[in-house]
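*Asks:* First the structure, which I've put down as structure tokens, then a few questions once you've had a look.
The values are calculated or read from the model by the stated rules, or taken from the named source; none is laboratory data. Because the structure is a prediction, the values reported are computed rather than measured. Using ideal geometry, Cβ is built from the backbone for each residue, glycine included, and neighbour counts are taken over all protein chains shown.
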Amino acid sequence: MTSYKFKILDKYITRTGDTLYRISNMYFLQWSIWPAIYRINEAVITNQWDIEPGLEIVIPNLNTTKILHKLVAGDDYFTLAHQYYGTMDLYYHIQKENNHEIITAGNTVTIPALVSERDMHKAKELRHVCA
């Protein structure tokens, strides 16, 4: 399996009361993609449901465009999610985008963006206003 490579969008110091849902919403305007933040910070975050204040975590710069992927033997929705999103937890985005089709080597599937460029920009503006 290809290891997940990501660019860092930002570093964030957690505060009292922070949740991964809140942090995900603050950076991407979508609470549901919090696993993308959690998985790359597992070494720092000891309890995903109770975030300690004062932790420095990295926020991944998520892809904002669709990607076409030619399937090879061994690909499935979970491995593709790990490869493109850094976590298998978000496999359903790829599955839904491809109408739940059965994965067959040689075919091409669409890897959807988890967040739009517009939402990334709007989230950045909101962070600056609220800072």
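*Asks:* Restricting segment 39-74 to residues that are within 15 Å of the chain's Cα centre (by Cα) and surrounded by 19 or more Cβ atoms within 10 Å (Cβ to Cβ), which is farthest from Tyr92 (Cα to Cα)?
*Replies:* Ile57
*Asks:* Then there is this: Which one of Val58, Val129, Val115, Val72 is in a strand (DSSP E or B) and either at pLDDT 90 or above or out of contact with any Ser or Thr (no Cβ under 6 Å at 6 or more places or on another chain) (or both)?
*Replies:* After applying the criteria, what remains is Val58.
*Asks:* Can you tell me which residue is nearest to the chain's Cα centre (by Cα) among those in segment 97-112 that are within 12 Å of Leu68 (Cβ to Cβ) and part of a loop (DSSP other than H, G, I, E, B)?
*Replies:* Of everything passing the filter in segment 97-112, Pro112 is nearest to the chain's Cα centre (by Cα).
*Asks:* For segment 83-96, which positions are part of a helix (DSSP H, G or I), touching a residue at least 40 places away in the same chain (Cβ under 8 Å) and crowded, with 20+ Cβ neighbours inside 10 Å?
*Replies:* Tyr84, Tyr85, Leu90
*Asks:* Answer yes or no: is there a residue in segment 7-26 that is within 30 Å of Thr108 (Cα to Cα), exposed (fewer than 12 other Cβ atoms within 10 Å of the Cβ) and within 16 Å of the chain's Cα centre (by Cα).
*Replies:* Yes.
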